[in-house]
Amino acid sequence: MKFLRKKNSLKLFFFICVFTFFSGEQVFAKKKKTSASAVVTKESASPSETAVKIPVVNKSRTYFYKIDPAVMEGVEKGSPSSIQQAMKLLRKGEVEYTENERVLLYVCSQIIEIAYPSEKVTWQVFEYNQENAYVGALNSVKSGVFDTSTGNEDFLGIVLPAFVLFKANKSDVEIYTQCENALKEALKVRGDSVLVNYMLGILYENQGKFKEAEPYLEKAFSLDNKCQEVGIAYSKAISKNGNTDKAREIVKQVAGSENPNNLAVLKQNAYIAFDNSDYDAAEEYVARVLQQTPTDLEFVLFRAKIYIEKNDYIHAVSLLDMYARQSTTDIDYLVLRARVQLDWSKNTTAASETIEKALQYYPDNLEALMLAAKLSSQIDLPVAGKYADELAAMVLEKDPENAEALVYALDGLIKRESWQEAYKISRELVKKEKVLPEVIFRFVTVCLKTGKNGEALDTAVKAYNSNKTDEYLIQAYVLAYSSVGNRDTAMSIINSMLSTASPKIKSYLYYRRSYLQRGEENILADLRSSLIANSRNSEALFRLYEIYYAKKDYRKAQYYLRQVVAINPNDSSLKKLNDSLTQLIQ
């Protein structure tokens, strides 16, 4: 009896051990998908605070622990070639595959189809309908949802939910934040993953953050320089960052010349041509894309962008209207629509509303912020609640070397007569290696307004001596001399230039000479000569307004002021002056 009891006890012990082993193996695969398993830093965290927390992974007990480590390494590396090799190592007869191997075969097929659509799935795939966290995450991706129920038990559990970035709307900040956090955590597990580096690059490219995208795509490309998707994404980043020659070489490297009608290659060549300001070549590539896929909305919009750069606004508007039948919230559409409203229609109210809508959906988009800064600098009013210098500061926080943003900030500060702040920015701009002549003119103006007369004159003289034909530098030189130099010398300089000057410069010379004249008749004569040379010289018109306003001849003052307003319809300060004058006359 004792022997039998002992024997039965051993059987019971063996049964318990086996049950515990297999239940532990299946627990992750059968894990229920509930939002309660999402891990966040705070219960009420904002999207930027959302964090995917990774528990310490016990690699010996994860769902795929029985599969050959060489297979899992290939899958986690995540390049098309490493996944193909991993699937070869896993290959068996159909009935020999275990449940977790079937899941892995399916997961890898989805990685290829979603991330690398130019590649083919060359292994047997089993449709998997059972409840499984990995399969569930991929099903959620197809619905545009970041699935937080995977539990982050292993590398794939961390990465698969982030595949939603290939499907999600670019304006969904929360999803992009979740994806970014997950992918950065995945890099901590495997820093040499082509897949993760590529996905981070795509994530930043979708947000227009090409400088942030480049190092991740460079890493992915260094690990696999034959993958078309990785190469094209890397080419796009470096092209946007100014290296179009290298971008073109990379496209040739990954695509070759086997298929001249390859859509992905045609598209990237179109982008490279556009970034290189070769708009005719870009349009040719776009036409070839649309011949194959006439309903490609991305390239309908891109064609509109090319037309805008070529100042062909009529065709651009037609394409924007066509695109708007499908969507009016895409960031590229909103930016292009605002540009047309601002630059062609001159409808600053409509442009402001469109830009504000763009920033509501995409608050960090650099193009929208730049356009808002440009508009604010023109109308001397806030856009989306901020003035030009404030909007430019947001751009510079993300792109410190953006000289265009500094120019818009400077223009806004000059409009508001914030001279000390304007001096700081303009001084920073003139120190740059390549300085635009109009920036030098602004700097000279600001120096004079802040009492830095010596600096204004030195800058103007040096710039003019380096290039005596540029209109901005001529104006800077004349402005500095007529403001702080000897009167007779300034008059002599202006008189010597008049005979050979263009109508625009001749108008400016007469205008500046009016400040040096003695006697009202001589001043008025120079201002009339200025307007004969260029009837749209708003500076001369405004000076006439000031003269007649000082004489209390308000009707004649308003006659000239209204012309200034007509030339500068977006300047709110001029409109206010005109409104005040109208009330005074009444």
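I'd like to know if the range 168-175 contains one or more residues that are touching a residue at least 24 places away in the same chain (Cβ under 8 Å) and closer than 19 Å to SER79 by Cα.
Looking for residues that are touching a residue at least 24 places away in the same chain (Cβ under 8 Å) and closer than 19 Å to SER79 by Cα, one finds none in the range 168-175, hence no.
Look at LYS66 and say whether it is of a type in the set (D, E, K, R) and more than 37 Å from the chain's Cα centre (by Cα). Talk me through it step by step, then tell me what you get.
Numbers: of a type in the set (D, E, K, R): yes; more than 37 Å from the chain's Cα centre (by Cα): yes.
Yes.
Restrict the check to the range 547-556 and report whether at least one residue is of a type in the set (A, V, I, L, M, F, W, C) and under 22 Å from ASN495 (Cβ atoms). Explain how you work it out, then say what you get.
Within the range 547-556, the first condition is being of a type in the set (A, V, I, L, M, F, W, C), and the residues that meet it are 547, 550.
Checking which are under 22 Å from ASN495 (Cβ atoms) leaves us with none.
Looking for residues that are of a type in the set (A, V, I, L, M, F, W, C) and under 22 Å from ASN495 (Cβ atoms), one finds none in the range 547-556, hence no.
Does the range 370-390 contain any residue that is modelled with pLDDT under 90, β-branched (Val, Ile, Thr) and in a helix (DSSP H, G or I)?
Yes: one or more hits.
Can you name the helices (runs of 4 or more DSSP H) wholly within the range 226-332 that have at least 3 residues being under 20 Å from the mean Cα position of the chain (by Cα)? I'd like the intermediate steps shown before the answer.
Working: elements: 228-240, 244-255, 263-275, 279-292, 297-309, 313-324.
Result: 228-240, 263-275, 297-309.
From the set of residues in the range 153-185 that are of a type in the set (Gly, Ala, Ser) and out of contact with any Pro (no Cβ under 7 Å at 6 or more places or on another chain), which is farthest from ALA368 (Cα to Cα)?
The selected residue is GLY157.
Out of the residues in the range 187-210 meeting the condition of being over 23 Å from LEU396 (Cα atoms) and not in a helix (DSSP H, G or I), tell me which one is least open to solvent (accessible area, probe 1.4 Å). First the steps, then the outcome.
To start, the set of residues in the range 187-210 that are over 23 Å from LEU396 (Cα atoms) comprises 187-199.
Imposing the further condition that a residue be not in a helix (DSSP H, G or I) reduces the set to 190-193.
Working: ARG190: 46, GLY191: 39, ASP192: 60, SER193: 0 Å².
Within the range 187-210, the match that is least open to solvent (accessible area, probe 1.4 Å) is SER193.
Mind listing just one residue for me: the one in the range 211-231 that is buried (at least 22 other Cβ atoms within 10 Å of the Cβ) and among the aliphatic types (A, V, I, L, M) and, of those, farthest from ILE111 (Cα to Cα)?
Out of the qualifying residues, it is ALA213.
Whether any residue in the range 175-183 is surrounded by fewer than 24 Cβ atoms within 10 Å (Cβ to Cβ) and aliphatic (A, V, I, L, M) is what I want to check.
Yes, the range 175-183 has at least one match.
Quick one: GLU401 ticks every box in (1) part of a loop (DSSP other than H, G, I, E, B); (2) under 25 Å from ASP571 (Cβ atoms) except a single one, so which number is it?
The failed condition is (2).
If only one of ALA324, ALA282 is surrounded by fewer than 18 Cβ atoms within 10 Å (Cβ to Cβ), touching a helix residue (DSSP H, G or I) at 6+ places or on another chain (Cβ under 8 Å) and of a type in the set (Gly, Ala, Ser), which one is it? Spell out the reasoning first.
Details: ALA282 fails: surrounded by fewer than 18 Cβ atoms within 10 Å (Cβ to Cβ).
The match here is ALA324.
Is it the case, given these coordinates, that ASP364 is buried (at least 17 other Cβ atoms within 10 Å of the Cβ), under 15 Å from the mean Cα position of the chain (by Cα) and among the acidic types (Asp, Glu)?
So ASP364 does not fit the description; no.
Out of all the residues in the range 102-121, is one or more more than 27 Å from LEU223 (Cβ to Cβ), in contact with a helix residue (DSSP H, G or I) (Cβ under 9 Å, 6 or more places away or on another chain) and surrounded by 15 or more Cβ atoms within 10 Å (Cβ to Cβ)?
No, there is no match, as no residue in the range 102-121 is more than 27 Å from LEU223 (Cβ to Cβ), in contact with a helix residue (DSSP H, G or I) (Cβ under 9 Å, 6 or more places away or on another chain) and surrounded by 15 or more Cβ atoms within 10 Å (Cβ to Cβ).
Residue-wise test of (1) at pLDDT below 95; (2) open to solvent by less than 40 Å² (accessible area, probe 1.4 Å); (3) out of contact with any His (no Cβ under 8 Å at 6 or more places or on another chain); (4) within 30 Å of LYS374 (Cα to Cα).
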{"site": "LYS246", "(1), (2), (3), (4)": "yes, no, yes, no"}
{"site": "GLY256", "(1), (2), (3), (4)": "yes, no, yes, no"}
{"site": "ALA264", "(1), (2), (3), (4)": "yes, yes, yes, no"}
{"site": "LEU297", "(1), (2), (3), (4)": "yes, no, yes, yes"}
{"site": "LYS346", "(1), (2), (3), (4)": "yes, no, yes, yes"}
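Show the residue pairs that are 6+ apart or on different chains and have beta-carbon atoms under 6 Å apart, the first residue being within the range 90-101 and closer than 16 Å to PRO69 by Cα and open to solvent by less than 60 Å² (accessible area, probe 1.4 Å), the second being at pLDDT 90 or above and not charged (D, E, K, R).
Every condition considered, the pairs that remain are LEU90/VAL71.
Taking the condition of being touching an Asp or Glu at 6+ places or on another chain (Cβ under 9 Å) and among the charged types (D, E, K, R), how many residues in the range 238-277 meet it?
Number of matching residues: 2.
Go through the range 75-89 and count every residue that is of a type outside the set (Val, Ile, Thr), open to solvent by less than 60 Å² (accessible area, probe 1.4 Å) and closer than 17 Å to GLY157 by Cα.
Residues flagged as of a type outside the set (Val, Ile, Thr), open to solvent by less than 60 Å² (accessible area, probe 1.4 Å) and closer than 17 Å to GLY157 by Cα within the range 75-89 amount to 2.
Looking only at the range 411-456, count how many residues are open to solvent by less than 50 Å² (accessible area, probe 1.4 Å), closer than 21 Å to ALA373 by Cβ and outside any helix (DSSP H, G or I).
Count: 2.
Taking the conditions exactly as written (of a type in the set (Asp, Glu), in contact with a helix residue (DSSP H, G or I) (Cβ under 7 Å, 6 or more places away or on another chain) and free of Cβ contacts under 8 Å to residues at least 24 places away in the same chain), does ASP312 satisfy them or not? If you could, list the steps in order and put the result at the bottom.
Working: of a type in the set (Asp, Glu): yes; in contact with a helix residue (DSSP H, G or I) (Cβ under 7 Å, 6 or more places away or on another chain): no; free of Cβ contacts under 8 Å to residues at least 24 places away in the same chain: yes.
So ASP312 fails the test.
Quick check on my filter: what residues within the range 486-504 are in contact (Cβ under 8 Å) with a residue 24 or more places away in the chain, surrounded by fewer than 18 Cβ atoms within 10 Å (Cβ to Cβ) and more than 45 Å from the chain's Cα centre (by Cα)?
Within the range 486-504, ARG487, MET491 meet the criteria.
The values are calculated or read from the model by the stated rules, or taken from the named source; none is laboratory data. These numbers come from a predicted model, not from an experiment. Here the Cβ is made from the backbone with ideal geometry for all residues, glycine too, and neighbour counts use every protein chain on show. Quick note on the areas: whole protein, heavy atoms, side chains included, nothing else; ligands and nucleic acids left out. Shrake-Rupley method; radii C 1.70, N 1.55, O 1.52, S 1.80 Å.
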